[in-house]
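Read through the structure below, which is laid out as structure tokens, and then see the notes.
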Amino acid sequence: MEAASTKAGVLSHLSLLEVQARSRRTQPQQQSRVKELKAKVEALKVQKQQLEAEIETHQNLQKLRLSLDKQCADEEDVEMEEDSENSQLLRLMARHTQLKDLLHAHHLIGGYDIIKTRQGKGVCVSLATAYEGVYLDTYNLEIDLKPTVKIGRHNIPPFIPVNSLAEVNDMQTNMRAFLDALSQHLNAFAGRKQQLKLLREQHKSIEVMESNVLCSILVLMFKVPSAKTAVLCTLDYTDHSSCLPTRVHFECEDKQLPDSDQWKKNCSLLMETPVHTALTAMKKMGDIV
């Protein structure tokens, strides 16, 4: 009986030691967990403050954007001082976001200016052309939407194959592809036309012997200083969607000149560079007068 009591006391003591040991092992883990939770709480507090600041900024931007949209000169409703740095910065941010939204909307319609016509039964598309950062001509195209999609009135030059482009690019189902192709042809034509204009302005010594309305053929005459002979240069723009020639041909009395290494380089230069720029380079190299 006494042995059994002693045995029970030993077991109880061992259990107590085991609980204490387990407690000592878990205590560092609990402390680490507490530190981790505290750090998380601090991070959440910082995040909360950032979100509150963003919400406040967003609300101020919304107020300013409403003011900009209504074109109100008096911005007292914004409840900010006119001369404060924050006020000026927020106004700039509001204007910036407003312009971003306009650009996004412009991108959604393919970058083209479109207005509705005939109570929504059609649209009028404006196609602007530019070359080397200079805006040139703008063309307008009316497209009937009902009962079927078809081309209406326009002021596009007759040598631009509008109907063929509409058919090839399946205007019925892919309006964006059609407008992109048409814009490419119009800009290429505008580019060729502008190059010819710049050539005449910048190179008085070079004679334009022949050109056409589409600016798809250009024949020039220039003189070679060393040989004192004239060179006839033909530029053929077979690809009407490009403002660079597909073929360049030289003719002169000196039959060996076009086959020389230097004039082969000039040929490549004229095919890869706008004609007025290429001629400037040829003059600097002393190949032409």
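For the reader, a short list of remarks on this structure follows.
- When the alpha carbon coordinates of segment 203-285 are projected onto the principal axes, the ranges are 36, 23, 23 Å, largest first.
- Whichever lysines have a C-alpha closer than 27 Å to that of Lys150, once near sequence neighbours (fewer than 8 apart) are set aside: Lys116, Lys121
- Interatomic Cα distance distribution for segment 130-289, bins of 10 angstrom, percent: 10, 35, 26, 16, 10, 3, 0
- With 28 Å as the limit, the listed pairs Lys197/Lys264; Lys193/Lys228; Lys197/Lys255; Lys197/Lys265 have Lys193/Lys228; Lys197/Lys255 beyond it between alpha carbons.
No lab work stands behind these numbers, since they all come straight from the coordinates. These numbers were taken from a predicted model, which means no experiment stands behind them.
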